[in-house]
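For reference, the structure discussed in these notes is given below.
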Amino acid sequence: MDRAAASAKIEVAGLTVRFGPTVALQHVSLQVLRNEILAIIGPANSGKSSLLLALNRMVDRVPGVSVEGRILLDGTDIASIPDVQELRRRVGMVFALPIPLPMSIRDNILFGPQLIRRLRKAEADRLIESSLRAAFLWDEVKDRLEDSALRLSGGQQQRLCIARTLAVEPEVILFDEPCSGLDPISTAKVEEALLVLKRERTLVLVTNNTKQAARVGDRTAFLLMGELIEVDRTDKIFTNPSHRRTEDYVTGRFG
Amino acid sequence: MRIAPAITERIAKFVLMMSCATAVLALIFVIGFVLAGGLMHLSWAFLTEPILDMGRAGGILPAIVGTLLMVFVAVGIAAPLGVASAIYLSEYTIEGWVTQAIRFGINCLAGVPSIIFGLFGFILFVVLLGFGWSILSGGLSLAAMILPTIIRTAEEALRSVPSQYRDVAASLGASRWQVVTKSVLPYALPGILTGIILGIGRSIEETAVVIFTAGSAVQMPKSLFDSARTMSVHFYILAREGVSNQNAYATAAVLICTILIINILAYTIMHQMMRGKRAV
């Protein structure tokens with residue numbers, strides 16, 4: 001086993017995802033390294049989201065889906081983890097649009113942890129504060145934790161969703177275009193949070209915004225029509241990619 | 001020739017407003033008519049005394065008790081069964097021809113005339129299972145009658161909960177049952193309750209099913225195996241056979257008030273349940 005494999009948090013080998021007759025992902029193999037941000041870029045329908053959803057088996061919830069190939073999390077095949085809920089607690093997810101549950105800010109954060117056990121008040125308070133701080137939201141909401149999460153602005157809602165995912169204490173977090181509906185200032189705050197989060201976690205970031213991949217990605221993978229064209233260090237992808245199609249895409253000649 | 005939008009706008013507004021006014025007036029008229037004819041004959045004695053002389057004298061206490069018991073049996077069985085079925089259909093099955101066939105069947109059942117359920121209840125509960133003409137037979141038959149409505153409204157309520165709530169819950173490590181109980185049911189509850197209230201209303205007003213399966217005894221029922229009449233049946237017999245018009249109206253007034261009270265109770269309970277579950 002080479003050094004890269006040894007520090008791989010997730011290893012995807014020959015992953016093919018089909019939705020009925022449609023092939024969304026075709027024989028994709030790549031690694032996600034520990035404590036990195038792996039950015040995944042590519043035009044619409046390139047399979048970015050399918051790849052993400054396969055990593056915590058959320059894709060299993062789609063009717064008619066079939067998955068081939070292996071995904072190893074710390075060397076263990078995720079298909080062999082009997083309790084898919086445990087996998088999803090280890091590999092968390094933040095969706096494209098902020099989806100606060102229609103309850104208070106506090107209850108949103110506690111939703112995940114309380115699925116497993118009741119928290120004591122002090123423990124819950126600590127968890128809420130640390131999660132909100134890590135998502136750079138604490139100062140804005142600390143005085144109104146009982147307010148409905150629906151009253152927050154879009155950017156605040158998305159950071160709340162990040163905090164809610166953090167509260168489950170996942171090792172890996174999957175971000176599916178987390179800034180697609182946000183203004184530039186909110187986007188900057190989310191990116192700031194990502195850069196801090198990767199110190200202790202491994203992040204996978206699907207983004208339609210190639211500049212975002214360039215700003216925060218340690219490595220970048222380029223997908224096209226369900227195939228992995230290349231994955232490499234972000235600076236190399238953006239300055240000296242190995243494939244023409246990657247260059248065309250990152251320089252905005254198509255897509 | 002085109003009519004100017006400003007004019008069509010006025011016409012539309014007028015027609016819509018008049019439609020609404022007609023509907024509301026019709027309702028007020030019906031309820032007002034019954035209450036006006038009935039309330040003046042109402043007395044405490046009417047509510048608390050046994051039925052005497054086949055309804056010519058005395059009160060309607062046995063009919064009130066019979067109504068409440070039968071509705072309680074019907075809703076007590078149909079509500080949990082119906083909501084559970086709806087949850088299964090909406091959350092645990094993959095949409096396909098089987099679920100569509102089931103849904104089609106349920107919709108057909110919801111449209112079957114109640115007299116058919118009366119006949120079914122008579123054959124199955126009264127005769128085959130030997131429950132006789134009783135509150136139990138009546139309640140079970142009413143349950144069968146309102147079950148399709150409860151399933152249908154509950155399923156619609158469940159489906160109207162945005163699918164993202166389910167995705168979020170699942171991504172946070174919720175099992176399927178937790179997804180249902182924590183992030184779907186709380187938001188579907190008002191719709192589900194509407195279906196149950198509709199079911200209560202239909203059970204209370206039903207006569208055909210009850211006459212077929214619970215009989216029309218005037219005595220105070222002592223157990224679920226006793227025959228009993230509901231207020232609707234009592235009203236029907238009094239009015240149809242010309243026993244006592246004034247007691248018929250009084251019974252109708254009590255019936256309307258009962259439905260009103262049950263609705264208020266149901267909505268109050270719903271509000272209590274929703275508090276804290278949902279900060280709006």
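Each reported figure results from applying straightforward, stated rules to the coordinates on display, with no laboratory input. In this text the structure is predicted, and so the values were computed from the model without any measurement. Every residue, glycine among them, receives a Cβ derived from its backbone with ideal geometry; neighbour counts consider all protein chains shown.
Could you tell me how many degrees, from 0 to 90 and to the nearest 10, lie between the Cα long axis of helix A:121-134 and the main elongation axis, the longest principal axis, of the Cα atoms of chain A?
40
When we measure straight from the Cα of A:K9, which lysines land under 29 angstrom away, once same-chain ones fewer than 8 places off are left out?
Within the straight-line cut-off, A:K9 pairs with A:K48, A:K189, A:K198, A:K211, A:K236.
Please average, across the residues of A:88-101, the number of beta carbons from any other chain that are within 10 Å of each residue's own beta carbon, and give a whole number.
Working: counts 5, 4, 1, 2, 3, 5, 2, 4, 0, 1, 1, 6, 2, 10.
Counting Cβ atoms of other protein chains within 10 Å of each residue's Cβ and averaging gives 3.
Using +1 at the C-beta of Lys and Arg and -1 at the C-beta of Asp and Glu, which of B:L224, B:V112, B:I94 has the Cα lying farthest in the positive direction of the dipole of the protein assembly as shown?
Comparing the listed Cα positions along the dipole, B:I94 ranks first.
Rg and Dmax in Å for the protein assembly as shown, alpha carbons only: what are they?
Reported Rg and Dmax, both Å: 31.3, 101.
Scanning chain B for helices, which whole DSSP H stretches are 15 Å or more long along the axis (Cα) and average 0.5 or more by Kyte-Doolittle?
Values: long enough: B:5-39 (49 Å, 1.78); B:61-87 (38 Å, 2.20); B:97-110 (19 Å, 0.89); B:135-159 (34 Å, 0.99); B:185-205 (29 Å, 1.14); B:245-274 (44 Å, 1.15).
Span-like helices here: B:5-39, B:61-87, B:97-110, B:135-159, B:185-205, B:245-274.
Taking each residue of B:161-171 in turn, how many C-beta atoms of other protein chains fall within 10 Å of its C-beta, and what is the average?
Partner Cβ neighbours, averaged per residue: 6.
Give me, ordered by chain and number, the residues 5 or more places off A:V94 or on other chains with an amide H under 5 Å from its own placed amide H.
Excluding prolines and chain starts, which carry no amide H, the hits are A:L174, A:F175, A:D176.
Take the alpha-carbon centre of the stretch A:225-249, take the same for the stretch B:94-150, and report the distance between them in whole Å.
Centre-to-centre distance over Cα atoms comes out at 63 Å.
What do you get for the angle between helix A:184-197 and the principal long axis of chain A? Use alpha-carbon atoms, 0 to 90 degrees, nearest ten.
With rounding to tens, the tilt is 90 degrees.
Run the helix sum for the protein assembly as shown: -39,500 (n - 2.57) per DSSP H stretch of 4+ residues, divided by residue count, reported at 222 nm to the nearest 500 deg cm²/dmol. Provide the component values of the computation, followed by the final result.
Values: 22 runs with 282 residues, N = 535.
Helices in the protein assembly as shown give a 222 nm mean residue ellipticity of -16500 deg cm²/dmol.
For the pair B:L124 and B:T99, what calculated FRET efficiency results from E = 1/(1 + (r/R0)^6), where r is the Cβ-Cβ distance and R0 = 35 Å, to the nearest 0.05?
The formula returns an efficiency of 0.85 here.
So for the pair A:D143, A:H243, with labels modelled 7 Å out along Cα→Cβ, what separation do we get in nm?
Spacing of the two 7 Å Cα→Cβ label points: 5.2 nm.
How many angstrom lie between the Cα centre of the stretch B:8-51 and the Cα centre of the stretch A:172-189?
55
Taking Rh as the Kirkwood radius computed over C-alpha pairs, what is the Stokes-Einstein D of the stretch A:139-179 at 10 °C in a medium of viscosity 1.306 mPa s, expressed in µm² per second?
140
Need one number: the % of Cα-Cα pairs in chain A sitting beyond the 28 Å mark.
That tail contains 33 percent of the Cα-Cα pairs.
Counting other Cβ atoms within 10 Å, keep those with at most 12, restrict to DSSP loop, and tell me which GluC sites (Glu not before Pro) in the stretch B:180-280 are left.
Sites meeting the loop and neighbour criteria: B:E241.
Label chain B by shape, choosing from rounded, prolate and oblate, from the square roots a ≥ b ≥ c of the eigenvalues of the Cα gyration tensor; if a/c is under 1.5 it is rounded, and otherwise prolate applies when a/b is larger than b/c, oblate when it is not.
Oblate, since a/c reaches 1.5 and b/c is not below a/b.
Please report the relative contact order for the stretch B:44-274, taking Cα pairs under 8 Å with a sequence separation of at least 6, and give it as a percent rounded to a whole number.
Relative contact order comes out at 28 percent.
Going highest first, how would you order A:213-219, A:137-143 by mean Cβ packing within 10 Å?
A:213-219, A:137-143
Would you work out the charge dipole size for the protein assembly as shown about its Cα centre, treating the Cβ of every Lys and Arg as +1 and the Cβ of every Asp and Glu as -1, and quote it to the nearest 20 debye?
For this selection, approximately 420 debye.
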